[in-house]
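Below: one structure, written as structure tokens.
The values are calculated or read from the model by the stated rules, or taken from the named source; none is laboratory data. The model shown is predicted, which means the values in this text are computed figures rather than measured ones. For neighbour counting, all protein chains shown are included, and Cβ atoms are generated from backbone atoms with ideal geometry for every residue, glycine included.
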Amino acid sequence: MNKVDLTNTMAIAEISGADSIAAALRYCERNPHVRTLIPTYAHTGTEYGDFGGIEGNLVFLGRELRERHGVELEPLESLEDPALWRALNGRFGSVLAERYGAWVPCVGCHLYLHLMRVLLALRREAPVVISGEREWHGTATKPNQMPRALDAYSAVLAHAGVELALPVRDVAEKSAIDTLLGERWVGGSPQLECVLSGNYRGLEGDGAVKEMPAGFFDEFLVPAGKRLLTALLAGDGDYDAIVADVLREARA
């Protein structure tokens, strides 16, 4: 377990649906030294729908943080970098599918979401990114939230000295999320959706979720993530070239 740094009174919070809100509340409950959360929404370019759900979740979180824990919620920070998303999840999809026998964009997409928060975390001296990722959703799993994927995201952010906090990683049941949110959580508000949702399932919406093999993480995702993070912090936007080099070196 990482040693808690009591000098860090701020943290970055992922803002999306119920899981992310529950994660922020649980983190502040467990870390009373945190006095300020910086809420962030990372745009991927694949989402669509009503942003009102995000805004409603922010109002709820701000009230609950203040009343339960005396924590301030700052205004929302919006983050995006289409070229970075493309390098991880679009440009080399056919190469990755051929090399590893299967490929889904969701794993690289979630790494992108975490990467987008690192620059802000370092600039604000708030080196913790709180995420609502969890391994199980009832009996269902997702390729981007399996243990190997979550460990990979954490390893990449640690490269820059940023902790990826996953307070609800071990929460499987929705009822437990509801308990963390509390009785004032209304739920059911409109949420943004992804055009690629369910891309790893069969024609009838069923089928086993594909877990990417170890080589995908060890040879590609973690090395590419670390180099992309270095480039992002340096303002070097040639992301495609960085990913291509990682793929070439993996087969050298």
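Numerical summary
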{"read-out": "Residue in the range 184-191 that is more than 19 Å from the chain's Cα centre (by Cα), among the hydrophobic types (A, V, I, L, M, F, W, C), more than 20 Å from Asn144 (Cα to Cα) and loosely packed, with under 13 Cβ neighbours inside 10 Å present", "value": "yes"}
{"read-out": "Residue list for the range 107-160, restricted to those being part of a helix (DSSP H, G or I), over 21 Å from Thr46 (Cα atoms) and not aliphatic (A, V, I, L, M)", "value": "Arg123, Pro147, Arg148, Asp151, Ser154"}
{"read-out": "Extreme residue, modelled with the lowest pLDDT, among residues of the range 192-220 that are surrounded by 12 or more Cβ atoms within 10 Å (Cβ to Cβ) and closer than 17 Å to Gly17 by Cβ", "value": "Leu192"}
{"read-out": "Tabulated pairs, the range 83-100, first among the aromatic types (Phe, Trp, Tyr), second assigned to a loop (DSSP other than H, G, I, E, B), C-beta under 8 angstrom, 6+ apart or interchain", "value": "Trp85/Thr44; Trp85/Gly45; Tyr100/Met212; Tyr100/Pro213"}
{"read-out": "Residues satisfying the stated conditions in the range 109-125, i.e. surrounded by fewer than 22 Cβ atoms within 10 Å (Cβ to Cβ), in contact with a strand residue (DSSP E or B) (Cβ under 7 Å, 6 or more places away or on another chain) and of a type in the set (A, V, I, L, M, F, W, C)", "value": "Leu120"}
{"read-out": "Lone unmet requirement of (1) in a helix (DSSP H, G or I); (2) within 30 Å of Leu221 (Cα to Cα) for Thr40", "value": "(1)"}
